[in-house]
1. Only one of (1) under 52 Å from the mean Cα position of the chain (by Cα); (2) buried (at least 18 other Cβ atoms within 10 Å of the Cβ); (3) not polar (S, T, N, Q) is not met by residue 543, so which one is it?
2. Hey, can you tell me all the residues within region 731-740 that are surrounded by fewer than 24 Cβ atoms within 10 Å (Cβ to Cβ), part of a strand (DSSP E or B) and of a type outside the set (D, E, K, R)?
3. Could you tell me whether residue 752 is under 23 Å from residue 583 (Cα atoms), at pLDDT 50 or above and of a type in the set (Gly, Ala, Ser)?
4. Here are some residues: 614, 620, 646. Which one is in contact with a Gly (Cβ under 7 Å, 6 or more places away or on another chain) and closer than 22 Å to residue 591 by Cβ?
5. The conditions are (1) open to solvent by less than 40 Å² (accessible area, probe 1.4 Å); (2) at pLDDT below 90, and residue 80 fails exactly one of them. Which is it?
6. Which of (1) open to solvent by 50 Å² or more (accessible area, probe 1.4 Å); (2) at pLDDT 90 or above; (3) within 30 Å of residue 149 (Cα to Cα) is the odd one out, the single condition residue 119 does not satisfy?
7. State whether one or more residues within region 197-208 are in a loop (DSSP other than H, G, I, E, B), open to solvent by 60 Å² or more (accessible area, probe 1.4 Å) and touching a residue at least 40 places away in the same chain (Cβ under 8 Å).
8. Out of all the residues in region 371-407, which are among the acidic types (Asp, Glu) and either within 36 Å of the chain's Cα centre (by Cα) or assigned to a helix (DSSP H, G or I) (or both)?
Amino acid sequence: MEENSSSNNINEAKARKRSTLNTESDPILFFHLLKQNLLWFALIIAICLSAAFVYLRYTTPIYEAKLIYQVNSINTANKVLNVNGFQEANNLAKDVEILKSKLLFKRALERVPIIVSYYNQGEILVNELYKSTPIKVEYVVKDSSILGQPFFIEFIDTYNFKLLQNDELFGEFEINTTINHPKVDSKINLLYKENFKDYTNLRDGSLFFKINSYESITNQYISRLAVFPMNNAAKTINIQFQDNNGEKAKDIVTAIAQEYIEYDIEERSKSSKNALQFIDTQLDLYFNKVKGSENKIQDFHKGTNFSTMDRSTIYFDRNNKLENELFDVELQKKVLEEIKTSISYKDKDIDVYELLPILAGTEYAGGIMSLITTLKELLIKQENLQFEVTKDSEAVKALEHQIDIQKKVLFESINSSISKLASRRTGILNKITEVEKKFMNVPAQELEYARLQRVLSLDEKFYNLLMEKRTEYSISDAGFVTQHTILDRASNFVLVFPNKKIFILFGFIIGCVLSLVLLLGKYILKNTISSVDEIIRQSHAGISILGIVPKYKHDIPVSQLVVNKNPKSIIAESFRAIRSNMQFISDTSGKKLLAVTSTVSGEGKTFCAINIAGIIACSGKKVVILDLDMRKPKIHLGFGVENTVGMSTLLIKSKTISECVHHSELENLDFITSGPVPPNPSELIINGELDKIVKELQIEYDFVIIDNPPIGLVSDAMEILKKADYPVYVFKNEYSKKYFVNNVDRLMIDNGIKNLSIILNAVDHGKSAYGGGYGYGYGGGYGYGGGYGYGYGGYYEDEPKEKKGFLNGIFGRKK
């Protein structure tokens, strides 16, 4: 008893409720759904490809032009002169920053004819007529608010046109005449009068132009510019620019490269020019000093009749050496004082180029020049930042703070250097005083003459040094040339967006992905039975498959007998297979009771019952069908008789069996309809009269087949299934839900119905890759096995085969 209870619990666990989603892995079902929906998938892919083509057709293309630029500047004077100290060495990172700065970009745009933009307005796209415009506009702006506003032109003939602004007619004018607009004066010329008829946009009003400002187009175009180093060792730079017009993109990158050449020459020559300006100022000063010293010596000679003597040679030699040292110290000190005068860490405007040449050749040039170079980089960065942000932005304030700190460090370094030079000067002066004390015995006239000569010598030496430096810097300024080279010119341009191949491939992939998502959705959401294999996998009760009934080719309005119409048809063979398989359920001799039911109405149980009866009757056995589905009877419709008497009248004993039995057109096949619909069909079925009727019928008939009501809706068929020799449960392909198998498990496990077998109805034999080929067998170990299946593979056909085309082979449909 305990063992039976445990077994029941196990069976109840097996018969648990299943999910309505398809959670099992079934490759055959997956490929079956794929084949079934190939037409939809092809349609989805076609729609996605069409969308990609439409996008390509109505998307403004973007072209890219690029060139490879090598930076390298030299000064030919460096081969003969030593004047390198005041010019900066080439720095690739600095060159890249300058090339992509708004300062240089704005100057480059001034080389390109884009201050007036000409356009052709299409139905969807707007095309820029760069260098292909049929008109030319000359203008004088009176109010900057007019910049960027479109003016439409519609030519009346080759000499007259209409001018429209904001869709309103401004007036009619002649070409090459001044148009007085409140905000701009302009002239419009027609460039190609002889080709006037060829330009349809001149006459349809789709041509328009805009007057730009270099500031606005710089801000608009700067984001399209890309500058990056390619090879640091070779000092090569890649310059790229993207625009909707390829010719314009090519011209802009070329203009940037050419403008940088001029910019670099200007910036580098600015240093030598500032140095020359400083030297010229000092030359004027020391020329007057030399002249004054010469006059003093001349006056001394006249006043004293003094002649040069050699007694003070040693004194002069020592004194001159110290004077030379003093001169160098004073020169360097004077240079630093000049810089100190030119710079203050509180000053906001510093011309760095004026400072670099002044330091050339000094003892402190290295350290101070590095500080000045850093300051220069910060000032350039500040200058570029003014094009991007406002003066009150945090970035500008932070950069100004760094510049102030750098100026302060530079100022303190100069003060420290001046202090050191002052100390050296004091030391040299002390040595000169000591030498003069040693020569106190030299006559006063000689000492006076020596002093005058020393002053003249110093002034002449300083003057000659300045003249030498001026010559060097003049040669250097003339000898500076740039060797920036365009290695790969922007001779053409390429389409970068949209890429037709990529977008078409993308559309195809999106179509495939959407199709796959649809397929997976159908696979997961599919909860109908598609094969006997699914029934077997869903069941835990060891269901036996009695057979498979193919889908009838023609529409069947009601359940009809069809096996007699074409005995060699596929459907007739399938019912013969079912008849053969019945021997594996019960092969004992004697009268047999066959009960047919299903889960819900519409699964074809009546159709199967009638045709099983018909195929058995064709074998020579006498068969009678009883219609117990008294709520929704169909037997009388299938045989085309009245339903005035039948099972309901038999169960209440108002009629006899002989009065209710109908004879069909098929020999050995009789049937009893359901009769008038009673109010209590369940009570009639269980009142005990049904068993008596069956026993009485079995006296005359070999087979009694009962068409029961759906057991998923009512339980009328329960007791009859228990008593039947052949209890049959019908499922309909792609109609019955997978969880309907629960009812079969419940009948077999909970209600103890033995030998319950399954018929899968309405299988599409044209798609035998899934749903066919399972064979007809009883149980798992005996029967016809998996290779036997009438009709699946074309054993017999209802009609002659029709030729199938390629599409029919793909989609599984008849042409």
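The values are calculated or read from the model by the stated rules, or taken from the named source; none is laboratory data. Keep in mind that this is a model prediction, so the values were computed, not measured. Reconstructed Cβ throughout: ideal geometry from the backbone, glycine too, with neighbour counts over all protein chains shown. All accessible areas refer to the heavy atoms of the entire protein, side chains included, with ligands and DNA or RNA removed. Shrake-Rupley method; radii C 1.70, N 1.55, O 1.52, S 1.80 Å.
1. Every listed condition holds for residue 543 apart from (1).
2. Passing the criteria: none in range.
3. Answer is yes for this residue.
4. 646
5. (1)
6. All conditions pass for residue 119, except number (1).
7. yes
8. 377, 383, 388, 394, 400, 404
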